[in-house]
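The structure appears right after this line, and notes come after that.
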Amino acid sequence: MSLISQNARSKIETKREEDIKEKEGEDGQESDVDAVEVKKRKRDGKAEELELEQVKEMKKLENFLFGSLYSPLEFGKGGDDEEVEAGSAAKASDLFFTDRSADSVVSVYKEDADLSDEEDDDALKRKPVWVDEEEEKVTVNIAKVNRLRKLRKEEDEALISGSEYVSRLRAQHVKLNRGTDWAQLDSGEKMDGSSDDELTDDDNKAAVVSRGYKDMDDILRTNEDLVVKSSSKLLPGHIEYSRLVDANIQDPSNGPINSVQFHRNGQLLLAAGLDRKLRFFQIDGKRNTKIQSIFLEDCPIRKASFLPDGSQVILSGRRKFFYSLDLVKARVDKIGPLLGREEKSLEVFEVSPDSKTIAFVGNEGYILLVSTKSKQLIGTLKMNGTVRTLAFTEDGQKLLSSGGDGHVYHWDLRTRTCIHKGVDEGCINSTALCTNPGGTHFAAGSDSGVVNIYNREEFLGGKKKPIKAIDNLSTSVDFMRFNPDSQILAICSGMKKSSLKLIHIPSYTVFSNWPPPNANLHYPRCLDFSPGGGFMAVGNASGKVLLYKLHHYQHA
């Protein structure tokens, strides 16, 4: 056998080898497909696991927010899986919470009830967030600084503690910034229900004040003044005031102002003078709007006055007639001359508080009594000397007069007789008279500038000595006026600049900070206080009506 024939491979073997290779190729392809499928299954499995985890998280979040929606707890049944029970018991606090917003909480757990009680106690105590310990150590002298003197409760009070100083400042703030009526609860609601039926309104109010203010709720439920009220005692020495816009800023007068007066409503002010115009202003302290003006062609106005009932205005000058303005009908009537009289001037008069009588100063000591309804002369009174000034008592039944003989006459208008005649101490010629609203005192001014203040009952009883003689004016006293609560007497003289003094009546001393040191009042000729005492209007010879706010009084 040859070498080639020995090494040669048969056709059968060759074919068998080719079949094996083909099978191996097919097996390789199948293994590659299986590997791809395995990888795909793994990816699908991971996606399913991730989706299941997301579903579980969503269910867990919903259970946390809205309770056990998918696996509600069943109390009293034991589960097969003790671990699940332990886990659910451990997270029971996450599934439930206690509502403490109600006034009374019925809690299943004792610790929850104790916690709610502690929170209620803390809410009732209302402790301040921060307390300054230095307040108790510091002392403040409220008598040394002028703007702090209003914080005094007594005249001789000086040093107070820091905490007391803070409390008084807060009270002063509440006093100046009063609450509104619609935002306040009834003061009677502060008392217990059992005592509301037994106490009157006055007793109720007294009880509320006596118990004090314990917390912020008490302060927010009352509109009472926490310190000084307008009806309380006015301290002497200094008076708190501020200058406001002139009352007639929208229409100043071209001549001297002879009369200013507030209407009974406290908002309407009249101003009249020698320019023959009567002007009305609505007083608010800011704009003082002009309402109306009336021109009298033949009468320079020497005096104008409201009737106390507010229905009419009486105007007069150096004429034998006078004018009456009806505010309701808006009509001006000219009255006079008076029947049977020859007076050429009716410039001085007074109106009775009951709005029934007008008393004019006549010639040769005569006093002319005119009815406010008929405007006719109804009677006369006769003094020994000349009459220069008049003043009614508070009931309108008595009339005071004085003049050139230095005596003060008391007249009874019901019988039209003189019931008393007394000497005004140190007076030669009387120039002004004024009675206080209560009728207990009267003041008499003279041409020497001295003002004597008398107790009317003592004067009628024969006592000639005045309570106090005020000699702070050096020229003739032209005008005097008590304020509504009789704690201030204003006196002025038109013969000297800024010659206007305010007298503290309980102590009979002059306020040292009035008139304003840097302000020029010009020549004051008349003044008036608003019905509540909060405003003071001063008319001067330059045609202006100066307006001041008195801070002790809250209402106009």
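Coordinate-derived values only; no laboratory data. For clarity, every value in this text was computed on a predicted model and none was experimentally measured. Positions of Cβ are generated from backbone atoms using ideal geometry, with glycine treated the same way; all protein chains shown enter the neighbour counts.
Using θ = phi - 60° in the Karplus curve 6.51 cos²θ - 1.76 cosθ + 1.60, the 3J(HN,Hα) couplings for the stretch 502-516 round to 10, 10, 7, 5, x, 9, 6, 10, 8, 5, 6, 9, 10, x, x Hz; x is entered for Gly and Pro. With r as the distance between the Cβ atoms of Asn363 and Ser232 and R0 = 56 Å, compute the FRET efficiency 1/(1 + (r/R0)^6) and round to 0.05. Computed FRET efficiency for Ser232 and Asn363: 0.75.
Taking amide H as placed 1.01 Å from N in the peptide plane, Arg388 has its amide H under 5 Å from the amide H of Ser402, Gly403, Gly404, each at least 5 places away in sequence or on another chain. Couplings 3J(HN,Hα) for the stretch 522-529, derived from phi with the Karplus relation 6.51 cos²θ - 1.76 cosθ + 1.60 (θ = phi - 60°), are 6, 9, x, 10, 7, 7, 7, 9 Hz, where x marks Gly and Pro. Label-to-label distance for Asn513 and Val166 is 2.6 nm, based on points extended 7 Å past Cα in the beta-carbon direction. Need the C-alpha centroid separation for the stretch 452-496 versus the stretch 356-395, integer Å. Centre-to-centre (Cα) distance: 22 Å. Projecting label points 7 angstrom from Cα along Cα→Cβ for Thr380 and Val129 puts them 8.1 nm apart.
Each residue, Ala330 and Gln267, gets one label point 7 Å from its Cα in the Cβ direction; the gap between the two is 1.8 nm.
Taking N as the residue count of the stretch 250-385, its C-alpha radius of gyration divided by 2.2 N^0.38 Å amounts to 1.06. For the stretch 433-449, the Karplus equation 6.51 cos²θ - 1.76 cosθ + 1.60, evaluated at θ = phi - 60°, returns couplings of 9, 7, 10, 7, x, x, x, 8, 10, 8, 10, 10, x, 10, 6, 8, x Hz by residue, with Gly and Pro reported as x. Using bins of 5 Å that start at zero, the share of Cα-Cα pairs per bin across the stretch 446-556 amounts to 2, 11, 21, 24, 20, 12, 6, 3, 1, in whole %. Rounded to the nearest angstrom and listed largest first, the equivalent-ellipsoid semi-axes of the stretch 336-488 from its Cα gyration tensor are 25, 17, 14.
For Lys290 and Glu240 in the same chain, what is the full-extension length gain: residue separation times 0.36 nm, less their Cα-Cα distance, in nm?
Working: separation 50, 0.36 × 50 = 18.00 nm, distance 2.76 nm.
Answer, rounded to one decimal: 15.2 nm.
Averaged over residues, the count of other Cβ atoms within 10 Å places the peptides 393-402, 240-249 in the sequence 393-402, 240-249, highest first.
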